[in-house]
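Report on one structure; see the data block that follows.
The values are calculated or read from the model by the stated rules, or taken from the named source; none is laboratory data. Everything quoted here is computed from the prediction, not taken from an experiment. Neighbour counts are summed over all protein chains in view; Cβ atoms, including those assigned to glycine, are modelled from backbone coordinates with ideal geometry.
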Amino acid sequence: MAYLPEPPYAHGAKSRTGILLVNLGTPDAPDAGAVRRYLAEFLWDPRVVEIPRAAWWVILRIILVTRPAKSAAKYALIWTKEGSPLRVYLDRQVQLLRGYLGERVKSPLAVAGACRYGNPSVAAGIAELRGKGCDRILVLPLYPQYAASTTGSAMDAVGAVLARTRNVPAIRFVRHFHDHPAYVKAVARSVNDYWMKHGRPDRLVMSFHGLPRFSLDRGDPYHCECHKSARLIATELGWNDERTLVTFQSRFGRAEWLKPYTADTLEELGRKGTGRVDVICPGFAADCLETLEEIAMECRDAFRAAGGKEFNYIPTTNDSPAFMAALTRIALDNLHGWASAEWDSTAAEAEARESAARARVLGATN
């Protein structure tokens, strides 16, 4: 195995701490070719589809022929002039987190973004941080609730890069933040802000991304963490009662997934003639295909077709000030000893010069 190239090094250079924000990913464009490449990477991950590889390869080849064009048409419905919403928000989150941390931490920090599937890759994100002199990296997957297929897979991707790295940086992972008070308050704030402008609904549906039922049976904590998030958010809103429902969306294939299903629940509410339903997706750190098309369009139409009256999708936290403050708090909680508000730049510069001088005495040329 060949190691990846090391970034240029200069004796006396100041070390930095890096933060890598990781989200799921997105195709590069809303066309069949880009979607096919994205799906091939996404669906081949054994963390995502737990089927023996030989059998799954046959099925996946069929999917990659039949599904990309349909999915591309859906992506086209949500694509913006700036590009994929998920990628747009990831870029904004990186930029804002850099600024928020810069106001609170004096020691050198760098922030980069990465996608588990698609671009920019996890390898590219780590390379960017190491190129800026980061020898310590905090990996912050943008999944509030842990699942093997999301956070676990992001950890796999980082591990794969480190396995090919000669000079491995120190690594920390944020495993989850489903019950972090700042996250809970950020979600509740986005809902309350919406309700202040539009009034309150008859029912609030909290829709989380689904997983196959066997993931729960085999020990994945995702289901429990979703329900804990929902309980804490509903309590913060003062809606921890029968008005709030927890559901799971994005079912794929014929196997049983976590229930109740979002679409079925909304159709049932429609048949009951529910006046107004608001839907939020607390498991998503950025709006994407699953929120903007599946929930805000498909589920809206299903609810109305079944007899429901008013349907509102409340945008997720995205780059809101409350959520960026929460990410800042979460990052700081995990940077113990790696970042400081007491850092002395003058002393650090002097130490760097002395280190470079000692290296030159010993024959260093860089």
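Looking only at residues that are touching a Leu at 6+ places or on another chain (Cβ under 7 Å) and hydrophobic (A, V, I, L, M, F, W, C) in the range 172-203, which one is surrounded by the most Cβ atoms within 10 Å (Cβ to Cβ)?
My answer is VAL184.
State whether the residues of the range 238-257 include one that is more than 19 Å from GLU298 (Cβ to Cβ), in the same structural domain as ALA302 (by TED's automatic domain parsing), among the small types (Gly, Ala, Ser) and surrounded by 15 or more Cβ atoms within 10 Å (Cβ to Cβ).
no
Among the residues of the range 34-52, count how many are over 17 Å from CYS115 (Cα atoms) and assigned to a helix (DSSP H, G or I).
Adding up the residues that qualify gives 0.
Would you confirm whether any residue within the range 78-89 is touching a helix residue (DSSP H, G or I) at 6+ places or on another chain (Cβ under 6 Å) and among the hydroxyl-bearing types (Ser, Thr, Tyr)?
For the range 78-89, residues touching a helix residue (DSSP H, G or I) at 6+ places or on another chain (Cβ under 6 Å) and among the hydroxyl-bearing types (Ser, Thr, Tyr): absent.
Could you tell me which numbered condition ALA55 fails, if it satisfies all but one of (1) farther than 22 Å from GLU293 by Cα; (2) within 22 Å of the chain's Cα centre (by Cα); (3) outside any strand (DSSP E or B); (4) not aromatic (Phe, Trp, Tyr)?
(2) is the only condition that ALA55 fails.
Residues to consider are PRO282, PRO260; find the one that is free of Cβ contacts under 8 Å to residues at least 40 places away in the same chain and of a type outside the set (D, E, K, R).
PRO260
Quick test for you: out of VAL184, VAL205, VAL277, pick the one residue that is under 24 Å from the mean Cα position of the chain (by Cα) and outside any helix (DSSP H, G or I).
Sole residue among the options that is under 24 Å from the mean Cα position of the chain (by Cα) and outside any helix (DSSP H, G or I): VAL205.
LEU138 versus (1) at positive phi; (2) under 18 Å from the mean Cα position of the chain (by Cα): which is the lone unmet condition?
(1)
More than 27 Å from PHE323 (Cα to Cα), more than 24 Å from the chain's Cα centre (by Cα), at pLDDT 95 or above and not assigned by TED's automatic domain parsing to the domain that holds LEU335: does that describe VAL49?
Taking the combined requirement at face value, the residue does not satisfy it.
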